[in-house]
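Here the structure is laid out as structure tokens; the discussion comes afterwards.
The values are calculated or read from the model by the stated rules, or taken from the named source; none is laboratory data. Treat the numbers as computed from the prediction; the structure is a model and nothing was measured. Cβ atoms come from the backbone with ideal geometry, glycine included; neighbour counts cover every protein chain shown.
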């Protein structure tokens, strides 16, 4: 047992709230005192760049590389991530040792009681290619405008009139103590890994990995692994609009997914059921989605 668990995390209010959830789980499960856990906030490049979509300036690695460096240099013992922000292909030096139970995976619309209630040509703020494409597939008249920042920043930009509406993850709002904000958008498939918190350690640190595994939630780990495996098959990253959700049903996993063109005019959807741990089924679904797509849609996933 290490004398002190040093938890690396981004410094945003949501990231800190998620780190505290991990700290509480470690304390409760391993019977640790408050003096045995330290939360270490780390500023990431993604936090500093607020004026451009991440896809234009380096993608999801902008959320992880500073946390990786701290872990590799021994300044922290584990990193806490929102799994949807973790790039599909990670360095071999690290491994996800556990995930907490998944929260609500759905998005919430803020600024209107429903998508249908938005006026024609309304400006919806999002820098997520997936959200933009899904919105345009349902409401092609909408005007998508880029908006970034933490939850409070996005809400403030909405109040200042930079957009008429925006989308935020239900999980984040709930973890920040604001489950009342916005309306849930049912029927809109979430981002892969949305709502999941991952705990990453050095790949060769079996001692810490074993301790962290004690707080893991196996159904979440199985489902998120399937969604990330689908992304591997697609070659997908934050440049490409992808939605996916795996759910444990009886003793099987049901994986639903869709890929879209950026303007939302084309969508390829599919689903598959398979046994937990089957790593080939998500790849097969990825191939089927691509095979059933037009050349225009496939071009989003050409690497």
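Counted as qualifying within the stretch 105-187 are the strands (runs of 3 or more DSSP E) with 3 or more residues that are under 18 Å from the mean Cα position of the chain (by Cα), namely 107-110, 165-169. Within the stretch 1-29, which residues are at pLDDT 95 or above and farther than 24 Å from residue 86 by Cα? Passing the criteria: 27, 28, 29. Residues considered: 203, 209. Of these, the only one that is outside the structural domain of residue 287 (by TED's automatic domain parsing), surrounded by fewer than 19 Cβ atoms within 10 Å (Cβ to Cβ) and closer than 23 Å to residue 30 by Cα is 203.
Taking the conditions exactly as written (out of contact with any helix residue (DSSP H, G or I) (no Cβ under 7 Å at 6 or more places or on another chain) and either outside any helix (DSSP H, G or I) or surrounded by fewer than 17 Cβ atoms within 10 Å (Cβ to Cβ) (or both)), does residue 299 satisfy them or not?
Working: out of contact with any helix residue (DSSP H, G or I) (no Cβ under 7 Å at 6 or more places or on another chain): yes; either outside any helix (DSSP H, G or I) or surrounded by fewer than 17 Cβ atoms within 10 Å (Cβ to Cβ) (or both): yes.
Here the answer is yes, as residue 299 does meet what is asked.
Only residues that are farther than 14 Å from residue 133 by Cβ and either modelled with pLDDT under 95 or not in a strand (DSSP E or B) (or both) were counted in the stretch 245-288, giving 17.
Any idea which of 76, 88 is modelled with pLDDT of 95 or more and part of a loop (DSSP other than H, G, I, E, B)? I'd like the intermediate steps shown before the answer.
Working: 88 fails: modelled with pLDDT of 95 or more.
Criteria check complete, one pass: 76.
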